[in-house]
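Heads up: the structure comes next, in structure tokens.
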Amino acid sequence: MTLVAYDLKTGKQVPLGSKIVDFRGDEATLVSLDRVNEMRYGGYRSGKVTADWGDHIRSVYDGVFDLEVRDAEWEADR
């Protein structure tokens with residue numbers, strides 16, 4: 001499985017290391033993609049990402065940053 005993050009507002013891919021902004025307006029760096037957003041594929045779990053805010057690093061749901069973590073291999077087969 002190859003995970004890829006997409007910005008829900010622009011539809012563009014967001015690579016690791018990108019600056020992203022959370023729902024509070026705080027800027028962070030995208031560190032890793034931890035879990036695919038299963039709801040896109042009929043599942044029940046949100047995607048997860050790890051972000052670095054500078055003073056702390058945490059794993060949070062992809063929706064915190066208006067992102068959606070997708071499985072690139074599954075998307076290519078659609």
- Task: All but one of (1) in contact (Cβ under 8 Å) with a residue 24 or more places away in the chain; (2) open to solvent by 50 Å² or more (accessible area, probe 1.4 Å); (3) part of a strand (DSSP E or B) hold for residue 23, so report the exception by its number.
- Result: (3)
- segment 26-40 - residue that is touching a residue at least 24 places away in the same chain (Cβ under 8 Å) and open to solvent by 50 Å² or more (accessible area, probe 1.4 Å) and, of those, farthest from residue 75 (Cα to Cα): 26
- Note on the structure: Selection over segment 46-66 where residues are under 15 Å from residue 2 (Cα atoms) and either assigned to a strand (DSSP E or B) or open to solvent by 40 Å² or more (accessible area, probe 1.4 Å) (or both) yields a count of 2
- Task: State whether one or more residues within segment 12-19 are in contact (Cβ under 8 Å) with a residue 40 or more places away in the chain and surrounded by 11 or more Cβ atoms within 10 Å (Cβ to Cβ).
- Result: yes
- Task: For residue 43, indicate whether it is free of Cβ contacts under 8 Å to residues at least 12 places away in the same chain and outside any strand (DSSP E or B).
- Result: yes
- Please state which of the following conditions residue 72 fails to meet, knowing it meets all the rest: (1) open to solvent by less than 60 Å² (accessible area, probe 1.4 Å); (2) small (Gly, Ala, Ser); (3) more than 13 Å from residue 1 (Cβ to Cβ). (3)
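The values are calculated or read from the model by the stated rules, or taken from the named source; none is laboratory data. Computed from a prediction, not measured in an experiment: that's the story for all the values here. Here the Cβ is made from the backbone with ideal geometry for all residues, glycine too, and neighbour counts use every protein chain on show. These accessible areas exclude ligands, DNA and RNA; they are computed on the full protein's heavy atoms, side chains included. Shrake-Rupley method; radii C 1.70, N 1.55, O 1.52, S 1.80 Å.
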